[in-house]
Amino acid sequence: MRVVVIGGGVAGLAVALSLSRAGHAVQILERDATPLPPSPVEAFERWERNGAPQVWHSHAFLARLRNGLLARAPDVLEALHAQGANDLHFRDYLPPTLVDRPPAPGDDELTLFACRRITFEWVLRQRVLANPDVSWLGGAAVEGLVAARDTAPGMPRVSGVRARVEGRPRTIEADLVVDASGRRSRLPRWLVELGTPEVETEEEECGIFYCSRFYRLRPGALAPAGQGVVGADLGYMKFGIFPGDSGIFSITLAAALDDDPLRAILHEGPFEAAARALPATREWIEPARSEPVTKVRAMAKLVNRRRRFVRDGEPLALGVFALGDAAICSNPLYGRGCALAFVHAWEFADALRGHAGDLRGIALAFDEATRREIEPWYRAARDQDRESRAISAAQARGESISDALSTQPGQPVDPKSFLRSVFRDGLLPALRSDIQVVRAFMRAFNLLVPPDALMKDPDVVSRVLAAWRERDQRAPVEMPGPERSEMVELLQRAA
Ligand SMILES: Cc1cc2nc3c(=O)[nH]c(=O)nc-3n(C[C@H](O)[C@H](O)[C@H](O)COP(=O)(O)OP(=O)(O)OC[C@H]3O[C@@H](n4cnc5c(N)ncnc54)[C@H](O)[C@@H]3O)c2cc1C
């Protein structure tokens, strides 16, 4: 088939990789007009990727993605390693508090890889374009779809796209159109222009803004010992440290959109002050160890959103499919977008193989796979964000995180407070001391099991509850940073 892919980001490249290797001819239309720089190093220094501004933010690449590449495209993984990507094995990210750490079968499946998003995209594009069945048209902004009405089912049959290529209008024909144009996709509007019903959409703000800065380890300096991707939640602020490739790493801080005093971290001085106030990040940015190599970059308007393109058992249109963030996107904090974009692309390739020539069959099979594999992660992110918003709002009102999370002795226990208490006084301590709980948690974190698998596993539940029952005999879990009021004061001084 001749397949036109709208957008050459991660999802567009993932689907081009799968389809071209299955023998289809793929043309990628990418709005950004900047050609691929000669190396990832130059890409990091001067690639203009305005269409995907998140390339300037920290990215984690989860085990589900690594395992899939190993099985379906091992050359891509090899090329990533050749460009400096590092594997992060299960044993590398165990907490130092865990003394007893015997290996177990399946630990190898829990390997993530670390590199900059720019490096990932550079390698991916290079591998995809090495296939002569893939062509790339840069500077091509798609503006709508071309369709005829299919007489049998009476719905539009998409046969191409309308694009503006270097300022000139052009129609590009295709047997299939895949929209991988990211979270700002206009597909719902283009479909309505063809006369379809509205696309069913569910959308909720994540409620955070996000800022990242990249650093380079100084010559001869090493990363702090025993640390893989580190992330923690102070309630009012979330932070992560992301090892990259070639001695570069990044730090990301995120806070609630409506928490005005914390907006100071958008600026370099306060960002550095906040990073110095957190014991985990402080070590990484000691002046003798590393130096910043970018400014602080911010992103907001982040949403959890899912769209459905099949309604009452019938596709809205034939021959057009949405993939990656264009279909479903969620809070970037959870680091799932690239892995899920690949899972989505693999599912699409499988649907195409299973229903050759039957456009309705492909649409229904792909919709079923999307609901099975992608939507549960969207719901998990949406629900976790609702919980985080409630906690950070309580802190902004001056309540301490313990007030927001604990059950009150002698008072009737409401189920939400109980669950919060089990999370804080059961799961968190168990993650520091029980390797079986860490394993189960990391399987869900890496998307290897459905999001609710952890709390459906009777062994894990009994271990977590055992830790929870001992909560009064233990010193309270130390917070990974200062209280909010102290942080606000620090930021004000740094500003
Ligand atoms: C701040 C931030 C941090 C993130 N961190 C992580 C992380 O740690 N781990 C992870 O896995 N994921 C992360 N993600 C998510 C991840 O970046 C995306 O899920 C992933 O890039 C897949 O996106 P995509 O290919 O669907 O869209 P994008 O990567 O956004 O690509 C869309 C492409 O389409 C092009 N385009 C748009 N409109 C048109 C048009 N009309 N015509 C032609 N081309 C068009 C754009 O220029 C762009 O190149 C993060 C996202 C954000 C915002």
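Whether a residue is within 16 Å of the ligand (Cβ to nearest atom), among the polar types (S, T, N, Q), in contact with a strand residue (DSSP E or B) (Cβ under 6 Å, 6 or more places away or on another chain) and farther than 26 Å from SER388 by Cβ was assessed, and THR252 does not pass this test. Just name the residue that is farthest from the ligand (Cβ to nearest atom) out of those in region 21-67 that are of a type in the set (S, T, N, Q) and more than 22 Å from the chain's Cα centre (by Cα). Looking at residues that are of a type in the set (S, T, N, Q) and more than 22 Å from the chain's Cα centre (by Cα), I get SER39. Taking region 69-97 as the range and being at pLDDT 95 or above, touching a helix residue (DSSP H, G or I) at 6+ places or on another chain (Cβ under 6 Å) and either within 16 Å of the ligand (Cβ to nearest atom) or of a type outside the set (A, V, I, L, M, F, W, C) (or both) as the test, the residues that pass are LEU69, VAL76, LEU77, LEU80, GLN83. Taking region 195-219 as the range and being within 23 Å of HIS89 (Cα to Cα) and either charged (D, E, K, R) or assigned to a loop (DSSP other than H, G, I, E, B) (or both) as the test, only ARG216 passes.
Which one of ALA16, ALA22 is buried (at least 23 other Cβ atoms within 10 Å of the Cβ) and closer than 15 Å to ALA73 by Cβ? Within the list ALA16, ALA22, the selection yields ALA16. Contact map, region 229-247: residues that are on the phi > 0 side of the Ramachandran plot paired with residues that are away from the ligand (no atom under 14 Å from the Cβ) and in a strand (DSSP E or B), Cβ distance under 7 Å, separation 6+ or inter-chain. Pairs shown: GLY247/ARG216; GLY247/LEU217.
A Cβ distance below 9 Å, combined with a sequence gap of six or more or placement on separate chains, defines the contacts here; from region 171-189, residues that are at positive phi and at pLDDT 95 or above reach residues that are part of a strand (DSSP E or B) and within 7 Å of the ligand (Cβ to nearest atom) in the pairs GLY182/CYS329. The set of residues in region 330-342 that are near the ligand (Cβ under 6 Å from one of its atoms) and within 18 Å of ASP179 (Cβ to Cβ) comprises GLY337, CYS338, ALA341. Among the conditions (1) of a type outside the set (Val, Ile, Thr); (2) crowded, with 19+ Cβ neighbours inside 10 Å; (3) more than 15 Å from ILE248 (Cβ to Cβ), PHE44 misses just one, which is (3). Is it the case that region 420-443 has a residue that's crowded, with 19+ Cβ neighbours inside 10 Å and acidic (Asp, Glu)? The answer is yes, given that some residue of region 420-443 is crowded, with 19+ Cβ neighbours inside 10 Å and acidic (Asp, Glu). Could you tell me whether ALA475 is without any contact (Cβ under 8 Å) to a residue 40 or more places away in the chain and buried (at least 17 other Cβ atoms within 10 Å of the Cβ)? When the stated conditions are applied, ALA475 does not pass them.
Here are ARG162, ARG127, ARG157, ARG116: which of them is in contact with a Gly (Cβ under 8 Å, 6 or more places away or on another chain), more than 12 Å from the ligand (Cβ to nearest atom) and not polar (S, T, N, Q)?
Details: ARG162 fails: more than 12 Å from the ligand (Cβ to nearest atom); ARG127 fails: in contact with a Gly (Cβ under 8 Å, 6 or more places away or on another chain); ARG116 fails: more than 12 Å from the ligand (Cβ to nearest atom).
None of the other options fit; the residue is ARG157.
What residue, of ASP100, ASP150, ASP108, is more than 12 Å from the ligand (Cβ to nearest atom), surrounded by fewer than 19 Cβ atoms within 10 Å (Cβ to Cβ), acidic (Asp, Glu) and modelled with pLDDT of 95 or more?
Values: ASP100 fails: modelled with pLDDT of 95 or more; ASP150 fails: modelled with pLDDT of 95 or more.
So the residue among ASP100, ASP150, ASP108 that is more than 12 Å from the ligand (Cβ to nearest atom), surrounded by fewer than 19 Cβ atoms within 10 Å (Cβ to Cβ), acidic (Asp, Glu) and modelled with pLDDT of 95 or more is ASP108.
Contact annotation: residue pairs with Cβ atoms under 6 Å, 6 or more positions apart or on different chains, pairing a residue in region 315-334 that is assigned to a helix (DSSP H, G or I) and among the charged types (D, E, K, R) with a partner that is within 14 Å of the ligand (Cβ to nearest atom) and at pLDDT 95 or above, are ASP325/GLY182; ASP325/ARG183. In summary, GLN54 fulfils each of the numbered conditions (1) surrounded by fewer than 16 Cβ atoms within 10 Å (Cβ to Cβ); (2) at pLDDT below 95; (3) part of a helix (DSSP H, G or I) with the single exception of condition (1).
The values are calculated or read from the model by the stated rules, or taken from the named source; none is laboratory data. As the structure is a prediction and not an experimental result, all values here were calculated from the model. Note that each Cβ is placed from the backbone with ideal geometry, even for glycine, and that neighbours are counted across all protein chains shown.
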